[in-house]
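Let me begin by presenting the structure, written as structure tokens, before commenting on it.
Read-outs: derived from the displayed coordinates by stated rules, not from any lab. All values derive from a computational prediction rather than experimental measurement. Neighbour counts are summed over all protein chains in view; Cβ atoms, including those assigned to glycine, are modelled from backbone coordinates with ideal geometry.
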Amino acid sequence: MKSKRNTTKRVRFICLAAIIAAMYVALTYLSMALGLDKNAIQIRFSEMLVALAFVTPAAIPGLYVGCLLANILTACAPLDILLGPIATLIGATGAYLIGKMNNRRVARWLCTLPNMIANVIIVTVVCYVCYTAPDAQSMEIIPFYAATVALGEIVSCGIFGTVLLLGSEKTLRRLI
């Protein structure tokens with residue numbers, strides 16, 4: 001009986017991770033369709049899903065795979081394909097660990113911070129190395145990239161992610 005229960009839990013975990021990965025890819029395409037991925041401040045709706053790691057550890061591999069697939073399918077630069085998912089993995093793991101805090105009220109508001117910080121650091125470097133013309137590369141542009149990545153993350157992850165979590169946490173906990 002215990003073996004069947006463990007198998008059921010594993011299957012549920014894998015299915016939930018797969019659903020989150022698929023949602024990440026779909027929301028990335030939605031951002032692209034609305035033209036929000038090409039502006040100075042990029043808003044990737046899929047980043048809000050990092051808040052799900054606060055509720056379930058299945059979000060961690062789901063977000064990693066989703067980001068990896070989204071970056072491959074949207075023809076990102078190879079370094080972006082490699083480092084973007086790592087930033088998301090760091091952020092999702094941080095959200096999960098914050099979810100383990102005793103003070104859940106405070107934790108809900110903090111859970112998207114690791115993702116925002118990881119993305120500001122890593123995506124800023126990726127933008128500079130991969131998406132800046134060689135003759136325009138100078139250290140003076142890095143604060144601009146950091147600011148625009150931060151603003152995009154505040155909107156997509158900080159605001160939308162927190163709203164997603166606050167609006168659906170009880171329902172998600174029942175489903176999981």
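Loop-resident trypsin sites (Lys or Arg not before Pro) (DSSP state other than H, G, I, E or B) in segment 12-101 with no more than 16 further Cβ atoms inside 10 Å of their Cβ: 38, 100. In the set (i) 10.8; (ii) 15.5; (iii) 10.0, the label that goes with mean projected area of the Cα convex hull in nm² computed for this structure is (i).
Helix 2-33 and the longest principal axis of the C-alpha atoms of the chain enclose an angle of approximately 30°. Between the helical axis of 160-175 and the longest alpha-carbon principal axis of the chain there is an angle of about 20 degrees. Any chance you could check the Cα centroid distance between segment 1-33 and segment 62-107 for me, in angstrom? Segment 1-33 and segment 62-107 have Cα centres separated by 14 Å. A helix-only calculation puts the chain at -23500 deg cm²/dmol for mean residue ellipticity at 222 nm, using -39500 (n - 2.57) for each DSSP H run of at least four residues, averaged over all residues. Straight-line cross-link reach from residue 100 at under 29 Å between alpha-carbon atoms covers these lysines, not counting any fewer than eight positions away in the same chain: 2, 4, 9, 170.
Between helix 59-73 and the chain there is an angle of about 40 degrees, using the helix long axis and the longest principal axis of the Cα atoms. Derived scalar couplings between HN and Hα for segment 79-93 equal 5, 5, 5, 7, 8, x, x, 5, 4, 5, 4, 4, x, 5, 5 Hz in order, rounded to whole Hz, by the Karplus curve 6.51 cos²θ - 1.76 cosθ + 1.60 (θ = phi - 60°), x for Gly and Pro.
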